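The values are calculated or read from the model by the stated rules, or taken from the named source; none is laboratory data. Not measured: the values here are computed from a predicted model. Quick note on the areas: whole protein, heavy atoms, side chains included, nothing else; ligands and nucleic acids left out. Shrake-Rupley method; radii C 1.70, N 1.55, O 1.52, S 1.80 Å.
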Amino acid sequence: NATAGLGTVSFVGNTSLKQIYAEWWGAVADNIVDCGAAFLAAQAAAKTRVNGVPVRLLAGTYKVTSQKLTPFANMAFIGEGPSITQINWNGTGYWIDEQEAALVNNVDRGHLEGFTINVTVAGSSFMRLGDRTQAYTDAHFHDRWLLRDLEVFGQAGASSKGLDLTQTINLRMDRVVV
């Protein structure tokens, strides 16, 4: 678990689980509690399912300052809607960075939907898709991402980016505001 003393979440024997909630690992949508560790724990649990299950984000504002997510195949984070679910990324660099995963995961079929991202640190960014540093450009890596109903806001400045989509293949964006 992300937060000590809160018990254990186990999926042993459960084959019908369709989604999980970051709150099960201690996330609180109050813009006070740092939810980074809870998001990582929920992501790790989602990854253990055969085809992954979505991590659901409830209404409110989640604060993330230190933990970054490394994408994996079938990764999904789904909120209640951009005006209802918000994530404040208060860390440095990218919150979700596919370059961190390019050599160890088949990072495809990612799905992010229904939330607003506020990048609060100048020079930081929400997400980087595509692999600029490696020679891999085939469709096996960084492909088939769906970004839907997202709003991404960053700090003013030449070094801040909402989304870095360099060398992204088969990206589908529906109702995305950057």
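Couple of notes before you dig in:
- Column: log10 I(q)/I(0), Debye, Cα scatterers of segment 17-56, q = 0.18, 0.19 Å⁻¹: -0.44, -0.48
- Amide proton proximity set for V152, modelled H, under 5 Å, gap of 5+: I117, V177, V178
- Extension gain from R175 to A73, taking 0.36 nm per residue of separation minus the Cα-Cα distance: 34.4 nm
- For segment 39-86, radius of gyration divided by Kirkwood radius, i.e. Rg to Rh on alpha-carbons: 0.98
- Rounded accessible area of D149 (nearest 10 Å², 1.4 Å probe): 40
- List M173, M127, ordered by accessible area with a 1.4 Å probe, largest first: M173, M127
- Close amide-amide hydrogen proximity is noted between H111 and M75, A76, F77, L146, each under 5 Å apart and 5 or more residues distant or on a separate chain (H modeled in the peptide plane; Pro and chain starts excluded).
- Phi angles of segment 16-32 translate, via the Karplus equation with coefficients 6.51, -1.76, 1.60 and θ = phi - 60°, into HN-Hα couplings of 10, 5, 9, 6, 10, 10, 4, 4, 4, 10, x, 5, 9, 8, 10, 6, 10 Hz per residue; Gly and Pro are given as x.
- Residues Y21, Y62, Y94, sorted by accessible area with the largest first, give Y21, Y94, Y62 [1.4 Å probe; ligands and nucleic acids excluded].
- Multiplying the residue separation of K47 and L146 by 0.36 nm and subtracting their alpha-carbon distance yields 33.9 nm.
- Stretchable slack from V121 to A59, in nm (0.36 nm times residue separation minus alpha-carbon distance): 20.0 nm
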